[in-house]
Structure formats: structure tokens, C-alpha cells
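First comes the structure, then the notes that go with it.
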Ligand SMILES: Cc1ncc(C[n+]2csc(CCOP(=O)(O)OP(=O)(O)O)c2C)c(N)n1
């Protein structure tokens with residue numbers, strides 16, 4: 001642990017990547033993630049790593065694909081439209097069981113949308129996006145210190161499960177500054193060697209990295225093995241935060257920037273006597289279905305708040321089934337909900353018991 | 001007079017770097033010949049243990065199977081980006097891509113040109129057979145004007161589909177490439193020239209000189225609907241008129 005420094009989200013994520021032992025970065029400029037690429041251009045070479053400003057996001061993801069196959073920790077970043085371009089490559093990474101960390105500093109969409117913060121990429125991140133039966137671990141920090149921790153974790157998970165991992169933030173987290181105390185850097189030479197890495201067929205049979213298997217039985221077997229790995233991830237890697245849920249009658253479900261805002265709403269609501277809590281998924285995949293299920297047995301309402309037209313709410317509803325009401329409040333187009341705006345929404349689901357002076 | 005038993009001298013053998021796996025190519029196709037030449041060059045330069053093959057999508061999708069070297073499959077068109085990633089992470093490896101004209105000069109145009117323009121220290125083997133072999137004979141960006149293909153049943157019409165793209169010439173305009181050449185295989189002399197060109201391209205990479213492109217005019221008897229001999233004659237008579245042979249750049 002070192003001193004605390006004031007740093008912007010994009011810079012902090014880049015620094016965390018280097019500290020995680022990442023020694024190659026490939027990217028293409030797009031707002032609001034440009035500072036991440038720029039930070040890498042300055043600091044990756046100093047760390048003895050490779051930096052390439054690629055010809056496109058497609059070029060960048062396939063450079064990562066090659067770099068990962070060669071055995072190194074590698075990373076790329078972009079924002080929504082650029083992530084769309086990377087999806088083919090992400091499917092190939094998953095199909096070859098290659099680790100890679102991808103950062104999406106999401107913006108308004110669809111199409112060119114705008115450069116304001118948004119959460120419209122949840123489906124793309126968690127439900128596939130690219131082709132084929134694959135999954136990708138998705139980490140959604142809500143603060144910049146957490147973004148640095150989760151970026152470092154992303155590299156560990158990618159290497160542990162041989163899978164691409166997405167760190168999903170938005171323009172707010174990318175651009176704002178917070179004090180951060182970074183973890184000690186990892187020395188990449190101390191990381192476990194990857195037996196499948198393309199290091200030259202010297203003293204061992206050749207290694208081949210491919211997702212191409214013409215025999216249906218062979219492909220099926222390889223896919224099933226990967227699915228087993230996904231089940232292990234679901235069993236072991238679910239992360240979430242519960243805030244003031246102990247006595248809550250109503251709970252907000254929110255992630256990332258919105259969860260951070262919703263924490264203020266919880267405090268405002270509690271000042272009014274409303275027993276409001278927050279359940280914040282940290283891993284969007286694997287999704288914390290069980291905590292939501294548990295909560296749904298004892299609260300009346302789970303209100304999902306997103307900067308989207310309603311995407312994560314589908315997973316909340318899947319977990320809750322009909323055990324609690326599951327309304328949704330969303331802002332679109334890059335509009336960021338305010339603590340009081342969310343509170344107004346919360347009040348709609350609170351009845352006031354005048355006799356006891358209690359809200360429930 | 002004593003009878004001398006003639007001493008047997010081996011004059012021809014399978015290159016060590018060529019794996020003992022059957023090709024999936026059609027009879028008479030040049031792909032197999034090129035594969036063998038590359039394996040021979042890898043042997044001659046003694047780089048088998050540090051070579052990585054980057055395969056394309058196309059008839060040569062299994063190219064990594066045929067070398068006793070590490071290999072990786074790439075998405076259609078992205079081989080030069082994949083090679084960039086490998087080489088940047090481990091510059092001691094000898095990295096080459098093997099790509100068809102659809103792969104390199106249509107869907108992969110951006111990756112192909114920019115790897116060349118960055119002067120990546122890789123070797124690009126470009127098989128220009130003027131057709132999309134693997135998907136059944138559709139028009140390629142290199143298909144000749146008037147040439148029949150399944151997706152230009154009246155022959156390639158320049159008004160609709162433009163002209164055959166001369167990729168080697170495009171790359172030769174750039175400042176970074178050290179070696180850009182176009183070769184063919186239609187007779188013994190050309191085969192030997194192609195071998196020399198491929199060897200030079202790999203040699204430059206070994207010496208750290210930078211990017212090389214070896215474009216090879218290849219045949220596709222199946223999709224051209226020609227006998228192999230006819231296809232060789234077609235290249236000698238017609239294809240070379242559109243795609244002139246020879247070195248375009250040699251800064252080695
Ligand atoms: C993204 C994508 N688009 C299309 C295809 C289908 N496809 C496979 S090979 C090929 C053309 C290959 O032609 P070429 O590169 O000229 O090689 P050849 O087969 O002639 O050797 C196409 C279009 C694919 N695999 N991936």
C-alpha cells in the first residue's frame with residue numbers, strides 16, 4: 001500500500017492494469033475512455049510492456065487475442081460502439097479459452113448515441129453480444145477505488161478461469177476523480193505459466209490455439225467443458241453489496257454509478273422514516289440471483305433503477321419471481337438520476353401508516 | 001572387376017517442419033505446394049522451435065495443422081492483428097500469417113495495411129487465387145475483369161464490382177515494409193523464385209528488419225473449372241498481365 005493519490009477513473013483503471021502485471025495494451029480512441037488509452041501510451045512502455053494504438057477496435061481485440069495466446073496478461077478498453085466492434089473477437093477469445101481484460105466506459109446509445117454516461121450495454125455485456133454459447137465475467141465497480149481493485153481482480157479471474165473478463169463502468173466513473181490507494185504491483189514474471197501459450201514448440205509438442213472443430217462431438221465436448229467452468233464461476237465468484245437491507249421493506253437494485261447515487265437516496269429515505277435498502281450487484285455475470293431471491297422473501301418491493309430502458313431488471317425479476325413487486329425506474333440518453341429523483345420514485349411504493357407514524 | 005554397390009543418397013525428403021497430416025486441399029491446388037515451401041524454409045533457417053503460424057479463414061483454415069510449430073487460428077481477415085499481438089508480446093518468436101485474397105484484401109484490408117504500415121516484424125504470405133475457394137467460388141477483390149465466379153455469373157463487371165486490387169502495390173507505397181514481392185508457381189523456375197522470396201522474407205524477420213509481404217499468384221482448379229495444367233497456363237498467360245511478377249520493394 002502506498003500513499004493516497006487523487007486520480008480520474010480512466011487513469012486509475014489503466015494504472016491498476018499495469019499493477020496487475022498486464023504488459024500489453026491495444027486500443028482505439030473513443031470518448032469517454034480516451035484517457036485510459038493515453039495513460040497506457042505513456043506508462044505501458046515504461047513498465048516494459050507493449051502499447052499499440054490499433055487501426056480499429058477490431059484490430060485492438062485481435063491484438064489482445066494474439067498477445068493472450070502468446071501467454072501475456074493483456075488488456076483493451078473502449079466505449080459502447082467500440083465494444084460492439086470487439087464482440088466477434090470476444091467470442092473468439094471465449095472460444096479459445098483465452099484470458100483478456102476488456103474495459104467498457106459506456107456511453108449513451110444505440111448507434112452513435114452520445115458521450116454521456118449510460119447503462120444501456122448491460123444486455124450486451126451479460127447475455128453474450130457476440131456469437132455462440134459463451135459467457136464473460138462482468139465486474140461493475142461503483143467507485144474509483146473499487147474500479148482499481150476490480151480491474152486487478154479481473155486479471156486474476158481471467159487467468160484462473162481462462163476467460164475474457166469485462167470491467168463495465170460509465171462516463172461518470174471514467175471521468176471523475178477520487179482518492180485512491182493502489183495495491184502493490186504484481187511482478188508478471190511471478191505469474192503461473194500457461195501451458196497452452198504459444199512460446200515456440202521447443203522441447204514440447206506444438207501448441208495450437210483454435211476454436212475451430214469440425215467434428216460436432218469434439219466441439220460439443222470442448223463446449224461442455226467450458227460450460228462446467230462457467231458453472232464453477234457461478235458457484236464461486238458472485239459478488240454483491242447489501243446496504244441497509246437488514247430491516248428494509250423496500251430495496252433498490254442498482255449497479256455502478258446508479259448504485260452510488262442510490263446510497264444517498266437510502267440515507268434521505270431513512271431520514272423520512274422509510275426503511276429503504278440497496279442491493280448492489282458487483283458481478284453482473286455471474287448475477288447475484290440468490291441474494292435477490294432471499295431478499296424477496298422478506299421485502300415488499302425491489303425497485304430496480306438503471307440508466308437504461310430496463311435491462312438488469314430482467315435478471316432481478318428472474319430472481320424474485322412473484323415473491324415481491326419489482327417495479328423499474330430508468331433514465332435514458334445519458335441522463336443521470338438524482339438521489340431525490342430516485343426518492344420520489346421510492347415514495348410511490350411506500351404506504352404511510354398514520355397511526356404508528358410508520359412507512360412500509 | 002568388383003561390383004560396386006551404388007551408395008544411396010537421399011535427394012528429396014519431407015521437411016522436418018511439415019507435419020505428417022494429410023492436406024485438405026483439392027488435387028492440383030497450389031496451397032499444398034506453398035505450405036511445403038514454407039516448411040522447407042523454416043527448416044533451412046532452423047527456426048521451427050520459435051515459429052508461430054497464424055492461420056486465416058479460407059481453404060487454408062487448417063494451415064496451423066501442417067507445421068510442427070505452434071499455431072493459432074484467426075478470425076476471417078484478422079491474422080495481421082493477431083500476429084501483431086503475438087510478436088509485440090514475444091519479439092523472439094518468428095511469426096507469419098498465411099492468408100487468402102478474401103481474408104487479406106477484403107475483410108482484413110484494415111488489419112493488413114496497418115500491420116504493414118507499422119512495419120511489424122512479421123512475414124505475410126498472401127495467396128492470391130482470385131477467388132473465394134472455401135465458400136464455393138465467389139468473386140474475390142482480386143478476380144479478373146470478365147472472370148466468372150458464382151457471385152458474378154456474367155463475369156466480373158468493373159462498373160459494378162471495380163477492378164482487381166493489387167495489394168502488393170498498395171503495400172509497396174508505404175514507407176515501413178522492407179520486402180514486398182509478387183511471385184507465382186506455374187513452372188519450376190517460378191517455384192524456385194517463390195522459395196527464394198519466402199526465404200528472404202523470413203530471413204529479414206529473423207534479422208529484425210521488419211515487415212515482408214510475399215504475394216503468390218495461386219490457382220484454384222476447382223472453382224476456376226480448369227484442369228491443374230490449364231490453371232497454370234492461365235496464370236502464365238492472363239493473370240500475370242494484371243498482377244505483374246517481381247520485387248516491388250527490397251530495403252533489406
Ligand atoms: C466474418 C466471416 N465472414 C465470412 C466468413 C465466410 N468465409 C470463410 S472463407 C471465406 C473466403 C475465403 O476466401 P479467400 O480468403 O480468398 O481464401 P481461399 O478460400 O480462396 O483460399 C469466407 C467469405 C467467415 N468465416 N467469417
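The values are calculated or read from the model by the stated rules, or taken from the named source; none is laboratory data. Just so you know, these numbers come straight off a predicted model, no measurement behind them. A quick note on method: Cβ atoms are made from the backbone with ideal geometry, for glycine too, and the neighbour counts reach across all protein chains shown.
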Consider residue B:34 carefully, then state whether it is within 14 Å of the ligand (Cβ to nearest atom), closer than 25 Å to residue A:50 by Cβ and more than 10 Å from chain A (Cβ to nearest Cβ). no
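Conditions (1) away from the ligand (no atom under 16 Å from the Cβ); (2) in contact with a helix residue (DSSP H, G or I) (Cβ under 8 Å, 6 or more places away or on another chain); (3) in contact (Cβ under 8 Å) with a residue 12 or more places away in the chain; (4) farther than 25 Å from residue B:65 by Cβ, marked per residue:
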site: B:94; (1), (2), (3), (4): yes, yes, yes, no
site: B:111; (1), (2), (3), (4): no, yes, yes, no
site: B:115; (1), (2), (3), (4): yes, yes, yes, no
site: B:137; (1), (2), (3), (4): no, yes, yes, no
site: B:145; (1), (2), (3), (4): yes, yes, yes, yes
site: B:152; (1), (2), (3), (4): no, yes, yes, yes
site: B:155; (1), (2), (3), (4): yes, no, no, yes
site: B:160; (1), (2), (3), (4): yes, no, no, yes
Report, by residue number, each residue of the stretch A:252-278 that is over 23 Å from residue A:332 (Cβ atoms) and touching a helix residue (DSSP H, G or I) at 6+ places or on another chain (Cβ under 7 Å). A:268, A:269, A:274, A:276, A:277
State all residues of the stretch A:176-223 that are within 14 Å of another protein chain (Cβ to nearest Cβ), under 29 Å from the mean Cα position of the chain (by Cα) and within 18 Å of residue A:96 (Cβ to Cβ); if no residue qualifies, say none. A:193, A:194, A:195, A:196, A:197, A:198, A:209, A:210, A:211, A:212, A:219, A:222
Which numbered condition residue B:115 fails, given (1) surrounded by fewer than 24 Cβ atoms within 10 Å (Cβ to Cβ); (2) assigned to a helix (DSSP H, G or I): (1)
Candidate set: the stretch B:118-142, residues that are within 14 Å of chain A (Cβ to nearest Cβ) and assigned to a loop (DSSP other than H, G, I, E, B); chosen: the one nearest to residue B:182 (Cα to Cα): B:122
Only one of B:141, B:164 is more than 16 Å from residue B:58 (Cα to Cα), within 14 Å of the ligand (Cβ to nearest atom) and in contact (Cβ under 8 Å) with a residue 40 or more places away in the chain. Can you tell me which? B:164
For the stretch B:59-91: of the residues being surrounded by fewer than 24 Cβ atoms within 10 Å (Cβ to Cβ) and farther than 18 Å from residue A:52 by Cβ, which is nearest to the ligand (Cβ to nearest atom)? B:76
Checking residue B:218 against (1) in contact with a strand residue (DSSP E or B) (Cβ under 6 Å, 6 or more places away or on another chain); (2) away from the ligand (no atom under 12 Å from the Cβ): exactly one of these is not met. Which one? (2)
Filter result for residue B:99 (within 9 Å of another protein chain (Cβ to nearest Cβ), crowded, with 16+ Cβ neighbours inside 10 Å and within 16 Å of the ligand (Cβ to nearest atom)): no
Do we find a residue being in contact (Cβ under 8 Å) with a residue 40 or more places away in the chain, farther than 17 Å from residue A:99 by Cβ and more than 12 Å from the chain's Cα centre (by Cα) anywhere in the stretch A:152-170? no
Could you check, for the stretch A:55-65, whether at least one of its residues is touching a residue at least 40 places away in the same chain (Cβ under 8 Å), part of a helix (DSSP H, G or I), facing another protein chain (nearest Cβ under 7 Å) and closer than 19 Å to residue A:93 by Cα? yes
How many residues, within the stretch B:221-233, are more than 14 Å from the ligand (Cβ to nearest atom) and in contact with a helix residue (DSSP H, G or I) (Cβ under 7 Å, 6 or more places away or on another chain)? 3
Any chance residue B:108 is away from chain A (no Cβ under 11 Å) and either modelled with pLDDT of 95 or more or surrounded by fewer than 21 Cβ atoms within 10 Å (Cβ to Cβ) (or both): no
Which ones in the stretch B:52-88 are touching a residue at least 24 places away in the same chain (Cβ under 8 Å), at the interface with chain A (Cβ under 7 Å from one of its Cβ atoms) and not in a helix (DSSP H, G or I)? B:52, B:61, B:68, B:69, B:78
Which of the residues that make up the stretch B:230-252 are farther than 30 Å from residue B:121 by Cβ and in contact (Cβ under 8 Å) with a residue 60 or more places away in the chain? B:231, B:238, B:239, B:242
Pick out the one residue from A:50, A:70, A:42 that is more than 11 Å from chain B (Cβ to nearest Cβ) and over 16 Å from residue A:88 (Cα atoms). A:42
When the stretch A:87-98 is checked residue by residue, the ones that are farther than 12 Å from residue A:209 by Cβ and in contact with a strand residue (DSSP E or B) (Cβ under 8 Å, 6 or more places away or on another chain) are A:90, A:94
When you scan the stretch B:123-132, do you find a residue that is in contact (Cβ under 8 Å) with a residue 60 or more places away in the chain, crowded, with 24+ Cβ neighbours inside 10 Å and away from the ligand (no atom under 16 Å from the Cβ), even just one? yes
Any residue in the stretch B:37-48 that is within 14 Å of another protein chain (Cβ to nearest Cβ) and not in a helix (DSSP H, G or I)? yes
Residue list for the stretch A:14-34, restricted to those being more than 14 Å from every other protein chain (Cβ to nearest Cβ) and either out of contact with any strand residue (DSSP E or B) (no Cβ under 6 Å at 6 or more places or on another chain) or part of a loop (DSSP other than H, G, I, E, B) (or both): A:14, A:15, A:16, A:18, A:19, A:20, A:29, A:30, A:31, A:32, A:33, A:34
Count of residues meeting criterion [more than 19 Å from residue B:234 (Cβ to Cβ) and in contact with a helix residue (DSSP H, G or I) (Cβ under 6 Å, 6 or more places away or on another chain)] in the stretch B:20-34: 2
Answer yes or no: is there a residue in the stretch B:191-214 that is within 16 Å of the ligand (Cβ to nearest atom), more than 14 Å from chain A (Cβ to nearest Cβ), assigned to a strand (DSSP E or B) and within 16 Å of residue B:100 (Cα to Cα). yes
